[in-house]
Amino acid sequence: MPRTKPNIIITGTPGVGKSCHCEHLAQITELGLKHLSINHIAKERNCYDGYDDELKSHMIDEDKLLDEIEDEVKEGGYIIDWHVCDLFPKSWIDLVVVLRADSTILYDRLEKRNYPDKKLQENLDAEIMQVILEEAREAYDEEAIIELRSDTTEEIDSNVDRISAWTRHWIQNNPEGV
């Protein structure tokens, strides 16, 4: 059955505002998109493959995770919220939004979350080196990727407006689905 609504990944280093963007988009009733938080899915459906004591975080069993969400995502209309994008099959995804943040702003956000020093530094390094953006470019077609700043409330609002307009355009241009 064809998807009549797009699937969007909102990705980026922890602390760039992925969940905030996803929540705002999911509240726009006319779009009919559902927020799919991979962190919540992994917890609810026990998609863990261990725990990293040093980084204080669970390790995701990616194969189990994909098996758990495959039927849902293939229906369309999901905003996937996670810091990794390249594990999702290209055929599932219509738009990859890579959020970026200034490193000083990101540092403050992660420090407020009480990230251990090693985890905080690892995430700052990943942001500075554009790791997630490069992973997106390697996994998806360039025209499916947009990079957006997420430092201020105004930028978040503008990003949500831009993604909403893209979604409306996608729905209008794919009346039979894909």
(message) Test of understanding: what is the full-extension gain from ASP102 to GLU54, defined as 0.36 nm times their sequence separation minus their Cα-Cα distance?
(response) 14.7 nm
(message) Explain nothing, just the number: dipole magnitude of the chain about its Cα centre with +1 on each Lys and Arg Cβ and -1 on each Asp and Glu Cβ, in debye rounded to the nearest 20.
(response) 500 debye
(message) Loop only by DSSP, 13 or fewer other Cβ within 10 Å of the Cβ. Give me the chymotrypsin sites (Phe, Trp or Tyr not before Pro) in segment 116-178 that pass, ordered by residue number.
(response) none
(message) How big is the chain along each principal axis, measuring the range of its Cα positions in Å and listing the largest first?
(response) 50, 37, 29
(request) Would you please name the trypsin sites (Lys or Arg not before Pro) within segment 13-80 that are DSSP coil residues with at most 16 other C-beta atoms within 10 Å of their C-beta? (result) ARG45, LYS56
(request) Taking the dipole about the Cα centre of segment 74-153, with the C-beta of Lys and Arg at +1 and of Asp and Glu at -1, give me whichever of ILE80, PRO116, ILE132 is farthest to the positive side. (result) PRO116
(request) Under 19 Å Cα to Cα from LYS5, which lysines show up? Leave out anything in the same chain fewer than 8 places away. (result) LYS34, LYS74, LYS90
(message) When a/c reaches 1.5 or more, the comparison of a/b and b/c decides; with that in mind, is segment 1-57 rounded, prolate or oblate per its Cα gyration tensor?
(response) prolate
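Only the coordinates and a few stated rules stand behind these numbers; no lab work does. It should be emphasised that the depicted structure is a prediction, and the values quoted were computed from it without experimental measurement. Cβ sites come from the backbone with ideal geometry, for glycine too, and all protein chains shown count toward neighbours.
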